[in-house]
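The values are calculated or read from the model by the stated rules, or taken from the named source; none is laboratory data. Please read all numbers here as calculations on a predicted model, not as lab measurements. Don't worry about glycine lacking a Cβ; one is built from the backbone with ideal geometry, like all the others, and counts go over all protein chains shown. Ligands, DNA and RNA are stripped out before the accessible areas are found, and what is left, the full protein with its side chains, is counted by its heavy atoms. Shrake-Rupley method; radii C 1.70, N 1.55, O 1.52, S 1.80 Å.
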Amino acid sequence: MKRLILASTSPYRRALLDRLDLTYEVCSPGVDEDAYRHLEPRDMAIALSIAKAEALDAKDALVIGSDQVVDLEGEVLGKPGSAERALAQLESMSGRAHRLITGVAVHDTQSGETYADVDIHTLTMRALGRDVLQRYVAHDSPLNCAGSYKLEERGIALFERIEADPSTADDSAIIGLPLMKLLALLRRFGCDVLGE
């Protein structure tokens with residue numbers, strides 16, 4: 001199997017990739033995410049995933065890039081960075097549905113080929129008051145998460161429904177890395193974790 005590199009410092013993506021029991025390296029891709037803000041949300045997720053996968057100067061490796069975009073009726077909600085902004089984002093989503101778009105790309109540094117895919121879930125948040133949302137932000141501290149929630153922690157309690165196309169849904173995508181789609185991309189490069 002080729003050398004694998006995860007172009008992300010996200011602990012959530014590392015935890016998901018660890019489930020596959022693969023040996024891989026972690027590198028920060030150093031991509032300016034703001035440079036992609038002009039794109040439509042779905043295009044933004046794919047473009048950022050590709051940019052991250054292609055950003056690393058590594059020899060003979062498969063580089064994995066991924067990015068999530070929270071699309072609230074055309075408005076992209078990024079990582080809040082502060083409790084105040086997290087609360088504002090959550091208040092704007094309260095009682096409403098938004099799309100969580102997760103892109104993934106794999107780049108072969110030897111051949112120069114890159115393949116990408118995207119996963120889209122629609123999440124409907126419960127109608128919650130400011131005090132509840134403040135307590136949630138204090139508990140999970142989702143300051144480095146697009147949309148200001150952590151579904152792998154208490155953030156799942158914010159939602160009343162999560163929907164996806166059943167034929168393409170990849171539940172690991174809502175945490176940050178669509179593993180089934182990633183595995184399909186790796187197989188295109190002859191890398192199968194089951195050794196088939």
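Structure notes:
- Listed residue (Gly195, Leu17, Ile101) projecting farthest to the positive dipole end of the chain, Cβ model: Leu17
- Panel note: the C-alpha atoms of the stretch 121-181, placed on their principal axes, show extents of 38, 22, 14 Å (largest first).
- Positive-end residue of Ser92, Ala53, Val132, charge dipole of the chain with Cβ unit charges: Val132
- Taking the chain and dividing mean pair separation by its residue count, relative contact order in percent (alpha carbons under 8 Å, at least six apart): 22 percent
- Secondary-structure-derived ellipticity at 222 nm for the chain, considering helices only, amounts to -8500 deg cm²/dmol, per-run term -39500 (n - 2.57) for DSSP H runs with n ≥ 4.
- The phi torsions of the stretch 38-44, fed into the Karplus equation with coefficients 6.51, -1.76 and 1.60 and a -60° offset, translate into couplings of 6, 7, 5, x, 5, 5, 5 Hz, rounded to whole numbers, with Gly and Pro shown as x.
- Most fluctuating residue given options Ala169, Ala105, Ala53, as computed from a GNM of the chain linking Cα atoms under 10 Å: Ala169
- Rounded to the nearest 20 debye, dipole of the chain from Cβ charges on Lys, Arg, Asp, Glu: 400 debye
- Heavy-atom SASA rank of Ile120, Ile101 (probe 1.4 Å, accessible area, largest first): Ile120, Ile101
- Among Val104, Val76, Val26: highest mean-square fluctuation, GNM of the chain, C-alpha pairs under 10 Å: Val26
- Carbon/sulfur fraction of accessible area - the stretch 92-196, other protein chains in place, 1.4 Å, %: 47 percent
- For the chain, modelled as a GNM whose springs connect Cα atoms under 10 angstrom apart, the maximal fluctuation among Val106, Val69, Val31 occurs at Val31.
- Cα convex hull of the stretch 1-140, projected area averaged across orientations, nm²: 9.2 nm²
- What separates the Cα centres of the stretch 24-92 and the stretch 146-196 is a distance of 15 Å.
- In summary, the lysines within cross-link reach of Lys2, defined as a Cα separation below 27 angstrom excluding same-chain residues under 8 places away, comprise Lys52, Lys59, Lys181.
- When the residues Glu25, Glu84 are ordered by accessible surface, computed with a 1.4 Å probe over the protein chains alone, the sequence from largest down reads Glu84, Glu25.
- Compared with the direct C-alpha span, the chain from Leu194 to Asn144 gains 14.7 nm at full extension, assuming 0.36 nm per residue.
- Tyr12 contributes an accessible area of around 40 Å² to the protein surface, as traced by a 1.4 Å probe with all chains present.
- Comparing Val69, Tyr115, Val31 along the charge dipole axis of the stretch 17-147, the residue lying farthest to the positive side is Val69, per the Cβ-charge model.
- In order along the stretch 8-14, the phi-based Karplus estimate (6.51 cos²θ - 1.76 cosθ + 1.60, θ = phi - 60°) of 3J(HN,Hα) comes to 6, 9, 5, x, 6, 5, 4 Hz; Gly and Pro are listed as x.
- Accessible area expressed per residue, the chain, with surrounding protein chains retained (probe 1.4 Å, Å²): 48 Å²
- Portion, in percent, of the accessible area of the stretch 18-88 that falls on carbon or sulfur, probe 1.4 Å: 43 percent
- Measuring nothing but how far apart in sequence close Cα pairs (under 8 Å, 6+ apart) lie, relative to its length, the stretch 68-155 scores a relative contact order of 37 percent.
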